[in-house]
Amino acid sequence: MKRAGAASLGGSYRDLTALAAGDFAQHDLADLQAGGPLAFSGRAGARGSRNSIDSGDARPKKRFILVSNHLPIKAKRSADDSGWDFEWDEDALIAEANVGMGDEHEVLHVGTLQVEIDDLEQEAVSLELFSAFGCCPVFLGKELKEEYYKGFCKQQLWPLFHYLIPLSPTSAERFDPVLWQAYVKANKMFKDKLVEVLNQDVDYVWIHDYHLMVLPSMLRKQFLRLRCGLFLHSPFPSSEIFRTFPMREQILRSLLNADLIGFHTFDYARHFLSCCSRMLGVEHVTSRGAIMLEYYGRNVGIKIMPTGVNCDRLLAGLTWNETIWRRGELQAQFKGKTVLIGVDDMDLFKGIELKLQAVQRLLDTHADQRGKLVLVQVTNAPRSTGCELSALHDFCVKLVEEINSKYGTEDYTPIVWLERPVPLYERIALYSVADVAVVTATRDGMNLVPYNYITCRQGAAAEEATTSMVVVSEFVGCSPSVSGAIRVNPWSIDSVADGIEKAIKMPVAEQHLRHEKHWRYISQHTVGYWAQSFTSDLQKFTKDHGKMKCYGLGLALNTWKVVALTEHFRKLEMDHLEKSYATSSRRLFLLDYDGTLLPTNAVSTRPSEAVLDILRRLTADPANDVYIISGRGRNELGTWFQSVDRLGLAAEHGFFFKAPEAAEWTSRFEAPDEQAAWKQMTLPILETYTEATDGSNIEAKDSALVWHFGQADPDLGQWQAKELQDHLEGVLANEPVEVISGQAIVEVKPQGVSKGGMVEAIMNDAAHSGRAPDWVLCIGDDRSDEDMFAAIEHVTFSPHLPAEVFACTVGQKPSRAPFYVNEAEDVHLVLRSLADAHHHHLGSPKSPLGLGPEPDGSLPTTSLSPPLDGPN
């Protein structure tokens with residue numbers, strides 16, 4: 001036990017005000033630049049670890065910073081009231097996770113204490129906890145802690161994540177903006193503490209649970225290449241529940257600013273993925289067994305893994321003198337009895353009242369169990385308050401009294417109600433003597449009671465076969481893991497009663513087989529294994545962070561995100577683009593339409609007069625060849641752009657083509673036939689899926705048939721699209737067509753039709769006609785345009801087509817194009833600037849073209865990069 005008192009004040013925190021004033025007399029400036037007084041630096045080595053300092057290794061170790069609402073520290077006032085006594089809480093899950101870190105990693109804990117520390121003592125306590133325990137406390141203050149933890153976390157987030165929607169306007173669970181602000185403020189104070197200790201070059205941050213869900217965004221704003229994981233220890237509700245939460249986007253986008261998000265079960269992960277799809281339009285992908293979300297250039301990993309228990313500590317606890325003594329007492333007390341064990345917090349979702357009612361039903365209907373069946377119910381103190389919780393407590397106490405009054409005798413008490421602190425040794429003893437563990441929670445994130453129970457039964461085994469029966473609610477996270485348990489619907493009293501009876505009467509041999517199966521899993525999937533697996537995956541998902549170029553976009557929590565780009569992906573530099581344009585002799589423009597010339601939020605699909613004017617000015621220069629390559633039909637494109645002379649058009653991704661000075665449309669493929677066999681086969685299938693999928697529709701192009709499902713339910717649309725693609729691929733296997741899936745579409749089109757093929761045809765025609773360009777600008781925004789970028793990649797290195805190529809995508813996202821502009825309006829500015837270029841002398845001074853704000857929010861300036869010789 002360590003003590004911190006007022007007399008132990010040091011200089012680490014005391015002089016922060018002096019530092020802010022510029023007084024560096026007692027501090028090394030290099031230390032401050034390393035990231036904070038407790039942060040690592042290569043010069044100082046691995047601070048906070050005596051082992052690493054003694055080893056003399058100058059290289060900093062990787063460090064994991066575990067951030068949780070509460071530190072794994074027990075604190076109490078010293079006997080003489082001169083300070084505080086602290087000791088490590090070995091039973092805290094966050095402390096047990098240290099076992100899985102290994103000696104090769106440093107571990108630092110950040111969180112609050114469960115006691116209030118006076119302002120004058122905070123500095124001394126901080127120093128003591130850091131030096132003695134590797135902990136950095138966050139001091140929220142009593143008022144903020146009440147509003148943040150008991151107010152927002154327990155009264156609003158906790159019920160929401162456990163599927164409770166507040167219907168009454170006076171309910172405490174109704175969203176309260178004041179409590180939300182307290183939640184954000186508390187998360188910000190955690191962020192401020194982490195800024196003091198974090199070095200993004202060597203540190204990994206592991207955030208725990210729903211108390212800190214907006215912390216990833218706050219940290220990512222400060223450290224763009226942050227390596228951060230978050231594990232949610234509670235359930236995650238279905239999208240139908242979560243969508244009712246007013247700050248749903250703020251929560252989702254902040255979670256996506258982590259690199260790895262952990263859940264106990266696939267159900268919780270599935271609900272989260274559904275929320276991302278339905279509310280943000282972010283879809284998940286799978287790769288070699290991993291589930292990922294592609295979010296602005298970063299792959300956010302989804303980790304599905306239940307936590308475990310520290311088996312070694314529980315097994316060792318069975319040898320403690322206190323445990324042996326208490327176990328002997330319990331064996332004598334319950335001799336000849338069948339003991340059920342329940343360990344729960346007094347909480348609305350733990351189902352304690354359902355468990356009591358099930359035992360009552362069993363005693364009512366099975367006379368042979370009266371005088372024999374005992375339920376020992378350990379009821380921990382509630383972590384929240386409210387009238388519903390008080391009513392639940394009163395109901396349970398009254399029910400216990402009724403059962404004991406009806407069936408109890410002088411030497412028999414059917415319900416042993418333990419509503420007091422039960423130390424670990426006594427819990428181990430209770431687990432070890434119980435015949436059946438009963439968990440009837442109506443919703444719970446994990447619930448480790450079955451794991452603890454099975455481990456203690458294993459350790460207490462004598463020469464006879466070990467048994468441990470578990471009756472578990474199907475709504476708790478551990479249910480899939482204990483596959484040999486008897487799963488019940490806790491809302492059905494009869495189902496729970498029947499489950500308990502089945503567990504009691506099951507043959508011993510079968511009980512032993514089930515126990516062995518459970519023990520093999522639990523002994524392998526310990527809390528240390530869970531921590532090691534999560535941290536290992538976090539390192540894998542962030543191994544390339546140092547190579548990324550990261551930009552922050554947005555301001556508020558519901559809009560802020562980090563765009564991660566490869567080191568060769570950069571903003572299109574107008575200064576060099578204009579200079580190369582002016583010195584070239586033959587130029588080629590390859591332009592997409594939707595999302596490139598036409599903004600994505602445009603009300604009308606027709607091009608604006610401003611766009612038409614820019615195109616006219618570009619085509620007026622005989623050195624320019626301009627093409628629009630679109631997925632739209634030829635009639636639309638021909639009508640919209642008929643006022644632009646010398647404009648080349650490619651419709652339906654290049655199936656139809658109209659040369660710059662041609663009057664008629666031509667096709668590089670066989671003329672479309674409305675009666676083509678493949679169309680006759682495809683259309684009835686599309687009509688069947690359209691009828692079965694509300695919100696979908698069919699688009700019949702001259703060359704293709706397209707099924708759109710963007711307005712359908714996202715999940716149903718995706719399921720139907722996958723089934724439709726499989727169906728069509730089977731039916732059309734021998735037809736000269738291909739079935740492709742795109743952004744909310746499934747398209748059937750002739751083989752070989754793509755924008756990339758169209759670009760290759762244009763380039764080859766130009767080379768053969770003596771009009772080979774020496775300057776190419778290709779701009780697009782979606783997947784189909786990636787074919788264009790791929791087609792022109794070889795131009796830079798082709799000896800018969802020597803040209804300076806600028807391939808540019810619209811929006812900062814992963815692309816084969818090496819350049820980007822932010823939005824369609826920036827495309828207009830680029831083209832307008834090039835159209836005006838011949839009015840300027842090359843060397844005359846001019847202002848740089850404004851392409852909107854830079855990624856860091858600053859106003860655009862002329863690039864300081866050296867002149868480019870072409871894309872890397």
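The values are calculated or read from the model by the stated rules, or taken from the named source; none is laboratory data. The structure displayed is predicted, hence computed values, not measured ones. Here Cβ is always computed from backbone atoms with ideal geometry, including for glycine, and neighbour counts include all displayed protein chains. The protein model used for the area step is the full one, side chains on, heavy atoms only, and it has no ligands, DNA or RNA in it. Shrake-Rupley method; radii C 1.70, N 1.55, O 1.52, S 1.80 Å.
Residue check, residue 563 against (1) at pLDDT 90 or above; (2) open to solvent by less than 50 Å² (accessible area, probe 1.4 Å); (3) among the hydrophobic types (A, V, I, L, M, F, W, C), all met but one. Which one?
It is condition (1) that residue 563 fails.
Filter the stretch 408-426 for residues that are open to solvent by 30 Å² or more (accessible area, probe 1.4 Å) and hydroxyl-bearing (Ser, Thr, Tyr) and give the result.
Within the stretch 408-426, 409, 413, 425 qualify.
Give the residue that is least open to solvent (accessible area, probe 1.4 Å), with candidates limited to residues of the stretch 367-384 that are part of a loop (DSSP other than H, G, I, E, B) and in contact with a helix residue (DSSP H, G or I) (Cβ under 7 Å, 6 or more places away or on another chain).
384
Return yes when residue 152 is within 29 Å of residue 346 (Cβ to Cβ), touching a residue at least 12 places away in the same chain (Cβ under 8 Å), in contact with a strand residue (DSSP E or B) (Cβ under 7 Å, 6 or more places away or on another chain) and assigned to a helix (DSSP H, G or I) and no when it is not.
no
Taking residue 642 and the conditions (1) open to solvent by less than 30 Å² (accessible area, probe 1.4 Å); (2) assigned to a loop (DSSP other than H, G, I, E, B), which numbered condition does it fall short on, given that it satisfies the others?
Of (1) open to solvent by less than 30 Å² (accessible area, probe 1.4 Å); (2) assigned to a loop (DSSP other than H, G, I, E, B), only one is false for residue 642: (1).
Among the residues of the stretch 479-492, which ones are closer than 26 Å to residue 370 by Cβ, buried (at least 19 other Cβ atoms within 10 Å of the Cβ) and either in contact (Cβ under 8 Å) with a residue 60 or more places away in the chain or among the aromatic types (Phe, Trp, Tyr) (or both)?
The one that is closer than 26 Å to residue 370 by Cβ, buried (at least 19 other Cβ atoms within 10 Å of the Cβ) and either in contact (Cβ under 8 Å) with a residue 60 or more places away in the chain or among the aromatic types (Phe, Trp, Tyr) (or both): 490.
Tell me, which helices (runs of 4 or more DSSP H) lie completely within the stretch 194-312 with 2 or more residues that are farther than 22 Å from residue 563 by Cα and open to solvent by less than 20 Å² (accessible area, probe 1.4 Å)?
Details: elements: 215-222, 239-242, 248-255, 266-275.
By residue number, 239-242, 266-275.
Does residue 585 satisfy the criteria of being assigned to a loop (DSSP other than H, G, I, E, B) and either hydroxyl-bearing (Ser, Thr, Tyr) or within 30 Å of residue 219 (Cα to Cα) (or both)?
In short, yes.
For residue 637, are the conditions met, namely being among the hydrophobic types (A, V, I, L, M, F, W, C), closer than 25 Å to residue 820 by Cβ and assigned to a helix (DSSP H, G or I)?
no
Just for the stretch 307-329: of the residues that are more than 25 Å from residue 480 (Cβ to Cβ) and of a type in the set (A, V, I, L, M), which one is farthest from the chain's Cα centre (by Cα)?
Within the stretch 307-329, the first condition is being more than 25 Å from residue 480 (Cβ to Cβ), and the residues that meet it are 316-329.
Next cut, of a type in the set (A, V, I, L, M) only: 316, 318, 324.
Working: 316: 37, 318: 39, 324: 45 Å.
Ranking the qualifying residues of the stretch 307-329, first place goes to 324.
Of all residues in the stretch 792-807 being at pLDDT 70 or above and in a helix (DSSP H, G or I), which is surrounded by the most Cβ atoms within 10 Å (Cβ to Cβ)?
792
Residue by residue through the stretch 64-74, note down the ones that are open to solvent by 20 Å² or more (accessible area, probe 1.4 Å) and either over 20 Å from residue 148 (Cβ atoms) or part of a loop (DSSP other than H, G, I, E, B) (or both).
74
Against the conditions (1) in contact with a Cys (Cβ under 8 Å, 6 or more places away or on another chain); (2) of a type in the set (Asp, Glu); (3) loosely packed, with under 14 Cβ neighbours inside 10 Å, where does residue 353 fall short? Just the number, please.
Exception for residue 353: condition (3).
Within the stretch 573-603, restricting attention to residues that are among the hydrophobic types (A, V, I, L, M, F, W, C) and surrounded by 17 or more Cβ atoms within 10 Å (Cβ to Cβ), which residue is farthest from residue 755 (Cα to Cα)?
574
Could you check the stretch 742-774 and list, in sequence order, the residues that are free of Cβ contacts under 8 Å to residues at least 60 places away in the same chain and hydroxyl-bearing (Ser, Thr, Tyr)?
Within the stretch 742-774, just 769 meets the criteria.
Can you pull out the residues in the stretch 280-324 that are within 30 Å of residue 424 (Cβ to Cβ), touching a residue at least 60 places away in the same chain (Cβ under 8 Å) and among the hydroxyl-bearing types (Ser, Thr, Tyr)?
307, 323
May I ask you to say which residue of 591, 597 is farther than 18 Å from residue 765 by Cα and touching a residue at least 40 places away in the same chain (Cβ under 8 Å)?
597
Only residues that are among the polar types (S, T, N, Q), closer than 20 Å to residue 432 by Cβ and free of Cβ contacts under 8 Å to residues at least 60 places away in the same chain: list them for the stretch 503-532, please.
Once the filter is applied, which keeps residues that are among the polar types (S, T, N, Q), closer than 20 Å to residue 432 by Cβ and free of Cβ contacts under 8 Å to residues at least 60 places away in the same chain, the stretch 503-532 yields only 511.
Output the qualifying pairs, or none if there are none: Cβ atoms under 6 angstrom, residues six or more apart or on different chains, first residue in the stretch 553-565 and under 23 Å from residue 185 (Cβ atoms), second residue open to solvent by 50 Å² or more (accessible area, probe 1.4 Å) and of a type in the set (A, V, I, L, M).
Listed by first residue and then by second, the contacts come to 561/553; 562/224.
Residue 327 versus (1) more than 21 Å from residue 437 (Cβ to Cβ); (2) crowded, with 17+ Cβ neighbours inside 10 Å; (3) of a type outside the set (Ser, Thr, Tyr); (4) in contact (Cβ under 8 Å) with a residue 24 or more places away in the chain: which is the lone unmet condition?
That leaves (1) as the condition not met.
Restricting to the stretch 460-478, what's the tally of residues that are in contact (Cβ under 8 Å) with a residue 24 or more places away in the chain, under 36 Å from the mean Cα position of the chain (by Cα) and farther than 18 Å from residue 513 by Cβ?
Of the residues in that region, 5 qualify.
Among (1) surrounded by fewer than 23 Cβ atoms within 10 Å (Cβ to Cβ); (2) within 16 Å of residue 778 (Cα to Cα), where does residue 629 come up short?
(1)
Just to check your reading of the model, which residue among 541, 534 is aromatic (Phe, Trp, Tyr), modelled with pLDDT under 95, crowded, with 17+ Cβ neighbours inside 10 Å and more than 29 Å from residue 337 (Cα to Cα)?
541
Can you find a residue that is closer than 18 Å to residue 245 by Cα and either open to solvent by less than 10 Å² (accessible area, probe 1.4 Å) or of a type in the set (Phe, Trp, Tyr) (or both) anywhere in the stretch 167-178? Step through it out loud before you land on a result.
From the stretch 167-178, those closer than 18 Å to residue 245 by Cα are 167-178; that's our starting set.
Retained after the next criterion (residues that are either open to solvent by less than 10 Å² (accessible area, probe 1.4 Å) or of a type in the set (Phe, Trp, Tyr) (or both)): 175.
Yes, some residue in the stretch 167-178 is closer than 18 Å to residue 245 by Cα and either open to solvent by less than 10 Å² (accessible area, probe 1.4 Å) or of a type in the set (Phe, Trp, Tyr) (or both).
Give me a count of the residues in the stretch 331-350 that are open to solvent by less than 10 Å² (accessible area, probe 1.4 Å) and in contact with a Gly (Cβ under 9 Å, 6 or more places away or on another chain).
Number satisfying all stated conditions: 1.
State yes or no: is residue 405 free of Cβ contacts under 8 Å to residues at least 24 places away in the same chain, in a helix (DSSP H, G or I) and over 23 Å from residue 335 (Cα atoms)?
no
State whether the residues of the stretch 598-614 include one that is more than 45 Å from the chain's Cα centre (by Cα) and of a type in the set (Gly, Ala, Ser).
no
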